[in-house]
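Following: one structure in C-alpha cells, then a few remarks.
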Amino acid sequence: MTTQLIAGLRALVGDAGLITDPKELQPYATDWRKRYFGTALAVVKPASTQEVAAVMRLCAETRTAVVPQGGNTSLCGGATPLTEENASRLVPGGAQIVLNLSRMNRIRAVDPVNNTITVEAGCVLANLQQAAAAADRLFPLSLAAEGSCEIGGNLSTNAGGTAVLRYGNARDLVLGLEVVLPDGQIWDGLRGLRKDNTGYDLKQLFVGAEGTLGIITAAVLKLFPQPRARATALVALASPASALQLLSHMQGACGDRLTGFELMSALCLSLVAKHFPATRLPFVQAYPQYVLLELTDTANAAGLDAVLHEALGAVSEGGLALDAVVAASAAQVAALWALRENIPEAQVREGKQVKHDVSVPISRIAEFIAVTDAELQRAFAGVRMVTFGHLGDGNLHYNIAPPAGGDEDAFMAHAGEVSRVVHDSAARFAGSISAEHGLGQYKRDAILRYKSPLEMELMRRIKAALDPQGIMNPGKVL
C-alpha cells in the first residue's frame, strides 16, 4: 500500500512536489522548538489548489492522515507529524504525510480600492506585507517569525502579534477563504465583502482550527491605509498596575492611533542586554517594568509627535511614568523595538524555561501577575519570571526560568507542575491557556481541564461532520 500511495502522490505532484528521502524529510517532521519529532511517509508540496484537492482525494481513499504545514514555525507542535507510536494509535493504518503549501505562494490579486489582497496559503507573511506596501496599503499582521511564517499557518492558528490592539487578530483580517475539504472538495469562499449576512460564517470554522477541519489554500485579506507617521516611546513604570493606568490614559489621549502597547519586565531587558552585548538600554538605572508603545497615523509626523509628547507629559507630571524616551529617528525606533523582539532569543540563550502564552481580561492582568508570581515563589522558591507581552490585548508570555545558577534539568522536571499553576491561575481569572499560539500537540490534553465537556463535545461534532474519517491533522487540538 505504501509503494502504491507514494506512486500515486508522485503522479499528482511530480518529482518537484514530493520528498521521500528520510534525511530531507527530517526538517519537516521537527517542530521549531525541537520539542516534537515525528515521522511521515512523504512531504507533499502541491503547486495549486487542484493538486491539493487531488492529494486529499487520494488520502481520503487510502485513509492516510494529512498534516498541513506552512513555514513550520508552530510553537505547539501543530504542524508536526505524530511519532510512529502515536500515529499507530490515532491514525487508521498509521500512515501520515506532511502537506506543505510553500510552493503555493502567489499574490493572486490586489484591490486598493476595495482594500483587499488575495493570496495563496504559502505566501510568506513578510512578502504579503511588501505586496500591500507596493500598493500603498498596509497589511497589519506582524510577528517575530514574519520572515518565514506563511499566511495559511497564520490563519490556521489565528495569529496575533504586536498590532492586535488596533487591527485585531488574524481572524479579524479575513474576508474570504478557499479551502480544500478532507474529501477533496474545494470550497470557494474568496469573497471580498465586509457585509454578507447569508447564513453561517463558514470561513471562521477554519481560522484557528490548526488544519484539523480542512486545508486553507487561499484567502482574501483586509488592507488599510499606509501610515505616514510613526511615534514610538519606551516608558519606565513601577508596576504592571501602573502599565494598565498608562494604557487607559494613552487610549483616551490618542484613540485608535495607539497601535502597539508591549509590557516588558526588568528581567526581560536585563536578559536582552546580557545576551546581545551591543544593546544599549536607554535609561541610566533599571526600573521594575517598561512599556514600549507606538502610535501610527496617516497624518503628518509632527502632529503625531506632538500628540505623543503631550500624552506622555501628562503622565510624567502626575508621577505615573518614572522615565520615558521618545525615538527621534527610524534607527532609534528600530533600537527600541529590538529590545522587545530580542526577548525570545535572549531567553533561548539564557537556558531552559517553562513558557506560557496566556490571556486574561486586560483589567485583571496586574492582579494575575501578582497572584501567580507569589504562588510560584511559594511552590518553587527563587524562580525568575520572564514576563512580557501584548498588554493592550491581554496576552502575556508568562515564562518561568529556574533560580539563577540553579539546576536547569531539575527545574524542568517540574515543568508540568509549573504549567498547572499558571494555567489554573489564568482560568481563575477567566482567561485562556492559549492566547495566540494554538493548542497543537502541546496543550491538547491540558485544554480538557479548562473547557467544559459541552464545549469539547461541540468541537468534536464539528470535527466529525467535516472530517468523518479523522484524517486531518490527527492528535492536534482534539
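Some notes on this structure:
- Strands (runs of 3 or more DSSP E) wholly inside region 175-257 that include at least 2 residues being over 30 Å from Gln332 (Cβ atoms): 186-189, 215-222
- Near pairs, Cβ below 7 angstrom, 6+ apart or cross-chain, from region 86-108 (at positive phi and surrounded by fewer than 19 Cβ atoms within 10 Å (Cβ to Cβ)) to any residue that is assigned to a helix (DSSP H, G or I) and not basic (Lys, Arg): Gly94/Ala87; Gly94/Ser88
- In region 311-331, of all residues being in a helix (DSSP H, G or I) and free of Cβ contacts under 8 Å to residues at least 24 places away in the same chain, the one that is nearest to Arg384 (Cα to Cα) corresponds to Ser316.
- All of Ala209, Ala241 fail the test of being more than 18 Å from the chain's Cα centre (by Cα) and on the phi < 0 side of the Ramachandran plot, apart from Ala241.
- Test: residue in region 332-350 that is more than 21 Å from His275 (Cβ to Cβ) and of a type in the set (A, V, I, L, M): yes
- Members of region 45-98 found to be out of contact with any strand residue (DSSP E or B) (no Cβ under 9 Å at 6 or more places or on another chain) and among the polar types (S, T, N, Q), listed by number: Thr62, Ser74, Asn86, Ser88
Table: residues versus (1) surrounded by 17 or more Cβ atoms within 10 Å (Cβ to Cβ); (2) without any contact (Cβ under 8 Å) to a residue 60 or more places away in the chain; (3) outside the structural domain of Ser142 (by TED's automatic domain parsing).
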| residue | (1), (2), (3) |
| --- | --- |
| Leu205 | no, no, no |
| Gly208 | yes, no, no |
| Leu213 | yes, no, no |
| Leu234 | yes, no, yes |
| His249 | yes, no, yes |
| Gly252 | no, yes, yes |
| Val272 | yes, no, yes |
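- Scope region 429-467; condition free of Cβ contacts under 8 Å to residues at least 12 places away in the same chain and either in contact with a strand residue (DSSP E or B) (Cβ under 8 Å, 6 or more places away or on another chain) or not polar (S, T, N, Q) (or both); matching residues: Asp445, Leu448, Lys451, Pro453, Leu454, Glu455, Glu457, Leu458, Arg461, Ala464, Ala465
- Checked against (1) under 30 Å from Phe380 (Cα atoms); (2) in the same structural domain as Gln245 (by TED's automatic domain parsing); (3) among the hydroxyl-bearing types (Ser, Thr, Tyr), Ser316 passes all but condition (1).
- Residues satisfying the stated conditions in region 152-172, i.e. over 19 Å from Arg194 (Cβ atoms), in contact with a helix residue (DSSP H, G or I) (Cβ under 6 Å, 6 or more places away or on another chain) and of a type outside the set (S, T, N, Q): Ala159, Val164, Leu165
- Checking the stated criteria, Ala219 turns out to be within 30 Å of Arg257 (Cβ to Cβ), small (Gly, Ala, Ser) and surrounded by 22 or more Cβ atoms within 10 Å (Cβ to Cβ).
- Subset of region 116-140 that is polar (S, T, N, Q) and touching a residue at least 24 places away in the same chain (Cβ under 8 Å) - its residue that is surrounded by the fewest Cβ atoms within 10 Å (Cβ to Cβ): Thr118
- Members of region 5-38 that are under 29 Å from Ala144 (Cβ atoms) and surrounded by 18 or more Cβ atoms within 10 Å (Cβ to Cβ): Ile19, Leu25, Tyr28, Ala29, Asp31, Trp32, Tyr36, Gly38
- Answer from Gly382, Gly394, Gly406 - the residue that is closer than 29 Å to Gly260 by Cβ and of a type in the set (Gly, Ala, Ser): Gly394
- Residue within region 159-166 that is among the hydroxyl-bearing types (Ser, Thr, Tyr), under 30 Å from Leu322 (Cβ atoms) and either assigned by TED's automatic domain parsing to the domain that holds Ala324 or crowded, with 18+ Cβ neighbours inside 10 Å (or both) present: yes
- Residues that are surrounded by fewer than 19 Cβ atoms within 10 Å (Cβ to Cβ) and not in a loop (DSSP other than H, G, I, E, B) do not occur anywhere in region 141-156.
- Among the residues of region 196-203, at least one is touching a residue at least 12 places away in the same chain (Cβ under 8 Å) and surrounded by fewer than 21 Cβ atoms within 10 Å (Cβ to Cβ).
- Residue selected from region 62-85 under the condition in contact (Cβ under 8 Å) with a residue 60 or more places away in the chain and farther than 24 Å from Asn154 by Cα, by the criterion surrounded by the fewest Cβ atoms within 10 Å (Cβ to Cβ): Arg63
The values are calculated or read from the model by the stated rules, or taken from the named source; none is laboratory data. These numbers were taken from a predicted model, which means no experiment stands behind them. As a convention, Cβ positions derive from the backbone with ideal geometry for all residues, glycine included, and neighbour counts pool all protein chains shown.
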